Amino acid sequence: MPVEPVLEISELSIAYRGAAGDVRAVERVSLSLRPGEVVGLAGESGSGKSTLAYGACRLLRPPAVITGGSVTYRGRRLAGRAVDVLERTPPELRELRWREIAIVFQSAMNALNPVLRVRDQLLDVVEAHLSLTKLDARERVASLLDLVAIPRDRLRSYPHELSGGMRQRVMIAMALAVDPEVVIMDEPTTALDVVVQREILGQIVELKQRLGFAVLFITHDLSLLLELADRIAVMYAGQLVEVASAHAVHHGPAHPYTQGLLNSFPSLRGARRELAGIPGSPPDLRSLPAGCPFVPRCGFATDECTKIDMVLRAVPGARDPGHVSACPFVAPGAQAPDGKGTVSEVAS
Amino acid sequence: MNRISKGARAHEEARTLHAVVESTAARRGPLAMRAGGLCKDFAIGRGRGRTVLSAVRDVSIDLHRRAVVALVGESGSGKSTVAKLLAGQEQPTRGSIELEGAPVEVSGRRAFRAYKSHVQMVFQDPFSSLNPVHTVRYHLERPVRLHRALGEGVSAEDVVVGLAEQVRLTPAQQFLAKYPHELSGGQRQRVAIARALAAEPSVLLADEPVSMLDVSIRLEVLGLISELRDRYDLAVLYITHDIASARYFADEALVMYAGEIVERGPAEAVTQQPAHPYTQLLVSSAPDPDALGSVLRSGTREATRASGSALSTTRGCRFGPRCPFVQDRCRVEAPPLVAVASDRAAACWRLDTTAPDLVSARGGGGVEDMTE
C-alpha cells in the first residue's frame, strides 16, 4: 500500500497580477512529497520553481495570487489529520510554518541578519516555536550547531565572520531547529564551490536519514539531482513537463526539455559527449503559445504540438510506473529529426 | 639534505618545467601573453600584528592565440587576483607580464587605456557589470569610440551593429535599444562579451563567465566564446571553479590552490587522470549521475577539513592540512612544480602514491630521485 504523502500539492495555479495582464507563473501543478523522500524540482530561472514552493507555504505577497488548486499537509504531529494549507488563517499558518514546513532560503549570504550573532538568530527561532526554559533553549541551539558540524565557539560569531559554506550550514541548522517534517531547500548550494557543495549535500542526506524529514530540493542543476533525489520533477514555463524517479530521468528521459537539460552539462567521467544544450530562451509567461510552451525550442516539434493539452501522461513502456511526461509524441531515447536537443548515448 | 643537492634540484626543476611549457606551446598559435613568476602580496593588519598574505605565488601562464587556458580553483584560491594582475588592474609584487613579446608597463591613465585595447575582461556577474541606466548601444559604442580607429566611411553604428550580430543578439537594432533589465542573464553576458570584443583585443580574460547563468544557457555562452576565439584569433583565459567545463572548453588546465599552481597540463589529461590530491578532490566532488550508491546516497561524509592558508608564514605544502596523503615532509617543505609527463606538471611530494601510473610511466627519473 502506498504511503500517504506528507505534502500534497494538487492543481496549484499562481499568477502575478500586473497592469499588462497576469503572469501565470505556476499553472496547474500537482506534486506530492512522501515522508522521508527527496524530491528534486528542476528548471531554468523563471520557470516558477520558487514561486511554486513559496506559494505552497503561502509565503507570497501580492501581486502574487493563488488562483486555484489545493495544498494538503499531513504530519505525524497532527495525528493523521489533513490540513488544507490554503484555507488556514494567519495564526493557524504560524503554527504550521517552520514547526512543520521549514525553508532553507536561496543565498545564505543575504538570508542571515548581519547585525545579530548566530546564537541570537537561532535562539529566536527556537523561542518562537517551542516553549523551553532559557537554559534548555540555549542548549538546543548549541546542539543544532553540533548537528551541522560547526564548532560551538562559533555561536558568538556574526555572519560575516563565517565562510559561505558555514553560513549555509547555519541556515540548514535554523531550518531544522524545531524538527520539521518537510524542508524546502531553494538552491541551497548554488553559490558554493563544488567541494563545499558536496560536503553540504552529504550532510543534508545524513541529517535526513537521522531525523526523517522530507526534502523538496529546488535547483537548476539537474546533474546534482540525479545523484541526490529519489524523484525528480522538471518544470518549464510554470508547468511540470516530466516526473520520474532519478534513475528513470537519467536513463530514459521522456520529455524533450528534460533531454535538453541532461545534454547541457559537461560530464567529467566517461567518454566526451557531444553537448547540444537548449537553443533559445524561455517563453514570456504573459503570452504563452497554445499547446506545449517548449515548441519554439524543441527539436521534435510538429504542428500537432500546438494543439495538445498539457497534462502529465504515463510514459508507455517505462520501467518506473510513476514515470509521467507532458509530451505524448516523444519516446524515451528518441533522436530529434534536426539533431538539436537530443540526448546522445549515455554509457550504461 | 645538503646544500649542493638543493641547488642541483632547483636546476633540474627549472629544466623540467621549461620542457613542460615548451611542449604545450608547440601546438598552439603564436604566443600572445606570457606571465612569469607572478606574485601578489597583500598586507593584513598593522603594527605588530601585521602579516603578509601571498594571494598569488609564483604563477606562470602562457596564453597563445586560438587557445583556451582554464584556471581552476575554489573561491579564495587567487584565480581572480591572477586575472586582475593580467588585466593591469593590480600591480604584481614580483614577476613579469609580456604582451606580444614586449614587457608590460601599466602606469598612468593613457598607458592603461592602451593596454586595455589589447587585454579585455568578461566578468562573472552580468547583472552588475552592465550599467542599468544605459542602453546596450551605449555599452558597445563607448569602447568602439575609445579603442578603435574608424576608417573612412565606417560609422561607429555599423561596428556596433556588427558586434551585436557577432554575439547573436539579433535583430540587432531591437537589442541595441534595450536596457540591461530587459535582458535575460545569458543575453546580458553576450552584451558583456560584445563589449570586450569592441576593443579588438588579442587576449580575453573571462572570469567565471557562466557561473551565474542557468546550466542550460552556459553551453551556449561557452560555445560563443569558442567560436569568437577562432574567428578573432583570441587568446582566452577561462577562470572557473567547474572543472568539468574546463574539460570540454579548455586546451590546457591550470589548477590553483591557495595562490599556487598545483597542477597543469592538457585539460583532458588533468581531468581524467588527476595527479595532485587537490585536483583529485575537485574531480571527485563534481556531481556524478552514474555513481548510484554514492557518498550522497549513503550519507557518509568526510570530516570537514580546514581550508588552506595563504599566509606567508605557513610552512610546507599549503594543501597539507586537507590532504589525505600528508606526511612529515609536506608539513615542513613546500613541494615544487615538477614534470610528471612531457606536457604535465604537479606540485606534490607524494606523486608516487597519488599518481603511480604517471610516475612509473616516466621511468627512471622518479620524483624522489631529484631530491636525493
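Have a look at A:Glu8, A:Glu27, A:Glu37 and point out the one that is of a type outside the set (A, V, I, L, M), surrounded by 17 or more Cβ atoms within 10 Å (Cβ to Cβ), in contact (Cβ under 8 Å) with a residue 60 or more places away in the chain and within 14 Å of chain B (Cβ to nearest Cβ). Working first, answer last.
On the way: A:Glu8 fails: within 14 Å of chain B (Cβ to nearest Cβ); A:Glu27 fails: within 14 Å of chain B (Cβ to nearest Cβ).
Exactly one residue qualifies, and that residue is A:Glu37.
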Hits in the range A:1-25 (condition: touching a Leu at 6+ places or on another chain (Cβ under 8 Å), at pLDDT 90 or above and either within 20 Å of A:Ser287 (Cβ to Cβ) or among the small types (Gly, Ala, Ser) (or both)): A:Ile14
Filter result (under 8 Å from B:Ala198 (Cβ atoms) and either touching a Gly at 6+ places or on another chain (Cβ under 8 Å) or of a type in the set (Gly, Ala, Ser) (or both)) within the range B:128-153: none
Count of the range A:237-247 residues which are buried (at least 22 other Cβ atoms within 10 Å of the Cβ) and within 12 Å of chain B (Cβ to nearest Cβ): 1
Pairs with Cβ under 7 Å, 6+ apart, first in the range B:61-79 and under 16 Å from B:Tyr232 (Cβ atoms) and within 14 Å of another protein chain (Cβ to nearest Cβ), second surrounded by fewer than 24 Cβ atoms within 10 Å (Cβ to Cβ) and of a type in the set (D, E, K, R): B:Val68/B:Arg229; B:Val68/B:Asp251
Among the candidates A:Ala214, A:Ala276, residue that is surrounded by fewer than 24 Cβ atoms within 10 Å (Cβ to Cβ), touching a residue at least 24 places away in the same chain (Cβ under 8 Å), in contact with a Lys or Arg (Cβ under 7 Å, 6 or more places away or on another chain) and at the interface with another protein chain (Cβ under 9 Å from one of its Cβ atoms): A:Ala276
Output for the range A:205-249, where each listed residue is under 24 Å from A:Ala15 (Cα atoms), assigned by TED's automatic domain parsing to the domain that holds A:Pro321 and polar (S, T, N, Q): A:Gln239
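So, A:Arg61, is that one assigned to a helix (DSSP H, G or I), surrounded by fewer than 18 Cβ atoms within 10 Å (Cβ to Cβ) and basic (Lys, Arg) or not? Even if it seems obvious, please write down each step before you answer.
Numbers: assigned to a helix (DSSP H, G or I): no; surrounded by fewer than 18 Cβ atoms within 10 Å (Cβ to Cβ): yes; basic (Lys, Arg): yes.
Judged against the criteria, A:Arg61 is not a match.
For the range A:248-263, which positions are in contact with a Lys or Arg (Cβ under 9 Å, 6 or more places away or on another chain) and surrounded by 24 or more Cβ atoms within 10 Å (Cβ to Cβ)?
A:Val249, A:Pro256, A:Tyr257, A:Gly260
Within the bounds of the range A:300-317, is there any residue that is crowded, with 17+ Cβ neighbours inside 10 Å, within 14 Å of chain B (Cβ to nearest Cβ) and more than 23 Å from B:Ala244 (Cβ to Cβ)? Step through it out loud before you land on a result.
Residues of the range A:300-317 that are crowded, with 17+ Cβ neighbours inside 10 Å, as a first pass: A:300-301, A:305, A:310, A:312, A:315.
Next cut, within 14 Å of chain B (Cβ to nearest Cβ) only: none.
Checked against the condition, which is being crowded, with 17+ Cβ neighbours inside 10 Å, within 14 Å of chain B (Cβ to nearest Cβ) and more than 23 Å from B:Ala244 (Cβ to Cβ), the range A:300-317 yields no hits at all.
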Any hit, the range A:176-189, residues being in a helix (DSSP H, G or I) and free of Cβ contacts under 8 Å to residues at least 60 places away in the same chain: no
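The values are calculated or read from the model by the stated rules, or taken from the named source; none is laboratory data. All of these numbers come straight from a predicted model, not from anything done at the bench. Here Cβ is always computed from backbone atoms with ideal geometry, including for glycine, and neighbour counts include all displayed protein chains.
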